[in-house]
Amino acid sequence: MSRIGKQPVVVPSGVTISVTPDNVVTVKGSKGELTKAMHKDIKITVEDNQVVVTRPSDDKNHRALHGLTRALINNMVVGVTEGYTKTLELVGVGYRAQLKGKNLTLSLGYSHPVEVSAVPGVDFETPDTNTILVKGIDKELVGAVAADIRTWREPEPYKGKGIKYKDEVIRRKEGKTGK
């Protein structure tokens, strides 16, 4: 059995979950609503304020989908109750971020400012000029937007300059040595 898949997802109060016959899961909570289509072979049942995910066989594909489906449903429940946040830090002289409306403007050492437009379902916050908070209820979307922002100037190992996640550790390298 899958160690993750066999655990039921506890549904907190204020959250409603509905599953259609073709395995489309809808989760509604205080922060919003998420809908996701799951694989048709996996059986999803809602009973006694918990969601139970079962698989039809021990086939390799079913075993893989079992834990995945349970984790996706759990991420949806956490998203509509608490939400997700990714924190990015800008490291480098002159690197800064600021909000213009809902869009994000980044100064990253290029000859032009970088404009990152807001994606529906994701909000930006800049508590200071070197920190960006990417917030939303969809874990996958929040992570994708944060990764997209990070690709504009990935951290380099010699000086450590670039856009990095708050908890990311940059492995530093030694520079060239003289004779």
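The values are calculated or read from the model by the stated rules, or taken from the named source; none is laboratory data. Predicted, not measured: the structure shown is a model, and the values here were computed from it. Neighbour counts are summed over all protein chains in view; Cβ atoms, including those assigned to glycine, are modelled from backbone coordinates with ideal geometry. Note: accessible area is taken over every heavy atom of the protein model, side chains too, but ligands, DNA and RNA are not part of it. Shrake-Rupley method; radii C 1.70, N 1.55, O 1.52, S 1.80 Å.
Summarising the label geometry, the points placed 7 Å from Cα in the beta-carbon direction at Thr177 and Glu156 lie 2.2 nm from one another. Note on the stretch 131-179: Kirkwood hydrodynamic radius from all Cα pairs is 12.6 Å, rounded to one decimal. Dividing the radius of gyration of the alpha carbons in the stretch 91-147 by their Kirkwood radius gives 0.97 for Rg/Rh.
Shown here for the stretch 55-137: trypsin sites (Lys or Arg not before Pro) in loop regions (DSSP other than H, G, I, E, B) with at most 15 other Cβ atoms within 10 Å, namely Lys102. Remark: relative contact order (the chain) = 18 percent; criterion is Cα-Cα distance under 8 angstrom and separation of 6 or more residues. Computed over the Cα atoms of the stretch 51-90, pair by distinct pair, the Kirkwood hydrodynamic radius stands at 12.1 angstrom. Protein heavy-atom surface of the chain, 1.4 angstrom probe: 49% of the accessible area is carbon and sulfur, with nucleic acids and ligands not counted. Our helix-only sum for the chain, with -39,500 (n - 2.57) per DSSP H run of n ≥ 4 divided by its residues, gives a mean residue ellipticity at 222 nm of -6500 deg cm²/dmol. The mean accessible area for residues of the chain, using a 1.4 Å probe and ignoring ligands and nucleic acids, is 62 Å² per residue.
Taking chymotrypsin sites (Phe, Trp or Tyr not before Pro) across the stretch 88-179, the ones in a DSSP loop with at most 16 further Cβ atoms lying within 10 angstrom of their Cβ are Tyr110, Trp152, Tyr158.
Inter-part distance, the stretch 111-140 to the stretch 27-61, computed on C-alpha centroids, equals 30 Å. Stokes-Einstein diffusion coefficient for the stretch 1-67 at 4 °C in a medium of 1.567 mPa s, Rh from the Kirkwood formula over Cα pairs: what value in µm²/s? Approximately 103 µm²/s, per Stokes-Einstein. When the GluC sites (Glu not before Pro) in the stretch 56-158 are filtered for DSSP coil states and for at most 15 other beta-carbon atoms within 10 Å of their beta-carbon, the remaining sites are Glu82. To the nearest 10 degrees, how steep is helix 60-81 against the longest Cα principal axis of the chain, on a 0 to 90 scale? The angle comes out near 70 degrees. Convex hull volume of the Cα atoms of the chain, normalised per residue: 165 Å³. Computed extension gain for Ala147 through Asn49, at 0.36 nm per residue and net of the alpha carbon distance, reaches 31.8 nm.
For the chain, the longest principal axis of the alpha carbon atoms and the long axis of helix 139-150 meet at an angle near 10°.
Between amide H atoms placed 1.01 Å from N, distances below 5 Å from Asn23 occur with no residue 5 or more places distant or on a separate chain.
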